[in-house]
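Values quoted throughout were computed directly from the atomic coordinates according to the rules given, and no laboratory measurement underlies them. Note that the structure is predicted; figures quoted are calculated from it, not measured. Cβ sites come from the backbone with ideal geometry, for glycine too, and all protein chains shown count toward neighbours.
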Amino acid sequence: MSRIPLPTASISRNALKALLKQKTILAALEVFHAELGDVFQIPLPGFNPIMLAGPEANRFVLAEHRDALRWRSDQDPIVRLLRHGVLVEDGDSHDYLRRQMNPALHRNRLPDYVTLMRECADFILAQWDASVPLNVSIEIRRMALLVLTRTLFGVDFEPEMKRLWQPILRTLRYISPGLWVIWPNIPRPGYQRAFRRLDEYFYQLIAYRRANPSSNEDLLSLLITSRMSDDLIRDQLLTMIIAGHDTSTALLSWALYLLACHPDIQAKAQAEISGVLGSNPPHYSYLSELQYLDQVINETLRLYPPIHAGLRIAATDLEFGEYCIPEGTRVMYSIYLTHRDARYWPDPSAFRPERFASTTRTPYVFLPFGGGPRNCIGMAFAQVEAKVILARILQKFELNSTGKPVRSFMGATLEPRPAVWLTLKKRN
Ligand code: HEM
């Protein structure tokens with residue numbers, strides 16, 4: 001067995017330079033990857049995960065050794081927050097929760113969801129003022145929150161938006177990487193009020209639906225009829241609102257930013273939408289014809305995967321190729337590094353949707369939604385949501401860059417910071 005490669009002093013210096021220049025830790029990881037290969041260890045005090053990249057490593061983590069690589073680590077903020085949400089459970093408990101929730105995210109629910117998604121998008125778009133620059137990051141988050149709660153919880157979130165906006169952002173900050181990564185028990189005051197606000201909302205929602213059963217087959221009804229306790233239902237609702245809206249917000253913010261920076265690509269996507277939909281609202285049966293838009297979405301997910309890596313813990317000693325991964329080690333599979341590897345993606349940092357025109361691809365080199373039995377439960381939902389919202393925006397507006405730069409920020413998701421600002425021109 002070989003020793004897992006560690007960065008030398010000179011590699012670490014280069015990584016630090018890249019980090020300072022590009023203002024993102026991902027730049028440092030790219031230096032480590034280029035110098036050390038698909039397996040390396042990050043030598044932080046208190047947090048020294050083994051980083052894996054590339055198709056073999058992704059398959060190893062997501063499919064071949066799924067049961068020996070557990071998700072849950074009780075001291076992590078996301079576990080403290082989500083308690084027993086499907087995202088943070090392992091084994092039978094995970095599989096049980098996933099089975100209960102699957103029907104609400106099944107493809108056969110999507111045609112109905114498309115109508116609701118379009119209504120939510122139109123509600124927000126009717127408020128866009130083309131005479132002033134727009135903070136698209138905020139607008140898209142509002143849209144994503146309306147879509148998720150309307151489709152899966154069967155409620156209109158608009159009356160709660162103002163009151164719960166800060167608690168949601170605060171909660172996202174709580175689970176974002178920070179000092180707790182290297183200092184797990186660091187005191188973290190100032191979050192309890194936000195958590196209480198969200199809990200009050202969820203427990204009221206559950207109580208109301210128990211008292212007023214709905215014929216809707218939405219996720220909330222499914223969870224209630226499956227006889228879960230209020231606490232367990234709260235855990236799933238919070239999981240879905242966090243995992244299901246922040247990721248879509250990141251994807252759509254990046255997509256709009258990239259479309260504004262590449263007018264030729266925007267014009268091509270817009271022409272396709274005009275050809276397929278005219279001025280009719282997006283309808284489920286036409287979405288599959290928006291193939292170029294699909295390519296734009298995939299290319300955005302490749303360059304800026306909202307979940308840039310997955311974190312696991314080895315439940316037993318494992319062997320990956322010539323390396324031993326001892327029990328208890330943190331293991332990360334890097335979606336970001338895999339997506340930017342020139343061996344699989346020529347000219348990897350270029351935004352080139354056409355590279356997705358061909359559908360033949362090595363398995364596990366494009367994995368924005370993870371893979372294996374615990375891939376993203378909301379994958380089909382998110383793909384349709386992105387298409388509906390982008391199609392609707394491009395039907396109504398031309399997007400122009402304001403020239404304000406953004407950088408990749410590792411929050412709860414990989415998002416454009418400080419925010420995407422665009423100027424808009426209304427289309428006739
Ligand atoms: C662009 C949008 C999205 C992206 C890029 C994304 C990405 C991912 C990835 C990479 C994973 C696997 C993480 C791992 O292996 O540790 C995951 C899991 C998950 N996602 Fe998504 N996601 C998106 C949207 C959604 C939506 C809309 C929902 C809910 C409606 C959702 C709910 C979940 C849940 C519950 C899991 C955990 C699944 C399990 O462990 O069985 N996601 N997502």
Requested in this report: Two decimals is fine: what is log10 I(q)/I(0) at q = 0.15, 0.16, 0.17 Å⁻¹ for the stretch 271-327, from a Debye sum with one equal scatterer on every Cα and no solvent?
Outcome: -0.64, -0.67, -0.71
Query raised in the report: What value, in deg cm²/dmol to 500, does the helix sum -39500 (n - 2.57) over DSSP H runs of n ≥ 4 give at 222 nm once divided by the residues of the chain?
Result: -15500 deg cm²/dmol
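Is the shape of the stretch 70-224 rounded, prolate or oblate, going by the alpha carbon gyration tensor and its root eigenvalues a ≥ b ≥ c, with a/c under 1.5 for rounded and a/b larger than b/c for prolate?
Details: a/c = 1.79, a/b = 1.15, b/c = 1.56.
Judged from the Cα gyration tensor, the stretch 70-224 comes out oblate (a/c at least 1.5, b/c at or above a/b).
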Requested in this report: Mind checking the stretch 18-64 for chymotrypsin sites (Phe, Trp or Tyr not before Pro) that DSSP puts in a loop (not H, G, I, E or B) and that have at most 13 other Cβ atoms within 10 Å?
Outcome: none
Query raised in the report: Got a sec? How would R107, R392 order by Cβ neighbour count within 10 Å, fewest to most?
Result: R107, R392
**Report entry** Protection proxy ranking, peptides 239-251, 400-412, average beta carbon neighbours within 10 Å, highest first
**Finding:** 239-251, 400-412
Requested in this report: Divide the volume of the convex hull of the Cα atoms of the chain by its number of residues and quote the answer in cubic angstrom per residue.
Outcome: 145
Query raised in the report: How many angstrom lie between the C-alpha centres of the stretch 134-203 and the stretch 351-428?
Result: 21
**Report entry** Area projected by the alpha carbon convex hull of the stretch 121-192, averaged over all directions, nm²
**Finding:** 6.8
Query raised in the report: When C376, C324 are ordered from fewest to most other Cβ atoms inside 10 Å of their Cβ, what list results?
Result: C324, C376
Report summary line: For K425, the aspartates and glutamates lying under 20 Å Cα to Cα, once residues fewer than eight places off in the same chain are dropped, come out as D122, D129, E139, D264, E272, E398
Requested in this report: Straight distance only, please: which lysines reach the Cα of K23 with their own Cα at less than 28 Å, same-chain residues fewer than 8 apart left out?
Outcome: K404
Query - Prolate/oblate/rounded call for the stretch 304-389, Cα gyration tensor, a/c under 1.5 rounded - result: oblate
